[in-house]
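Data first, discussion second: the structure below is written as structure tokens.
The values are calculated or read from the model by the stated rules, or taken from the named source; none is laboratory data. Quantities reported herein were computed from a predicted structural model and do not represent experimental measurements. Here the Cβ positions follow ideal geometry from the backbone for every residue, glycine too, while neighbour counts run over all protein chains shown.
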């Protein structure tokens, strides 16, 4: 039962990571020519105010999606780690 739950959690982790990557690509795609690499770096350092100043309000929706997918990724990884501990404890019994 727990192994099925872990499989589902891993699928959700992969999906959230893919959503974050797609959002990052869309944000960088909105950046003006010559600012794309800088925007990508700012995205990695979570400097969203600088990205908004460079790209404009068009990036807001993508930034929110990126933030939510990134947060979901880490929350699900933590849940999977807890599930892994439970699976290990169950295997020892």
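Look at the range 42-57 and say how many of its residues are farther than 26 Å from residue 12 by Cβ and surrounded by 12 or more Cβ atoms within 10 Å (Cβ to Cβ). Of the residues in the range 42-57, 8 are farther than 26 Å from residue 12 by Cβ and surrounded by 12 or more Cβ atoms within 10 Å (Cβ to Cβ). For the range 17-48, filtered to residues that are in a helix (DSSP H, G or I) and over 16 Å from the mean Cα position of the chain (by Cα), the residue that is nearest to residue 71 (Cα to Cα) is 39. The condition of being crowded, with 17+ Cβ neighbours inside 10 Å and either within 30 Å of residue 2 (Cβ to Cβ) or modelled with pLDDT of 95 or more (or both) holds for only one of 27, 75, that being 27. Take the conditions touching a helix residue (DSSP H, G or I) at 6+ places or on another chain (Cβ under 9 Å) and either touching a residue at least 60 places away in the same chain (Cβ under 8 Å) or assigned to a helix (DSSP H, G or I) (or both) and apply them to residue 51. Does it pass? Yes: the conditions hold for residue 51.
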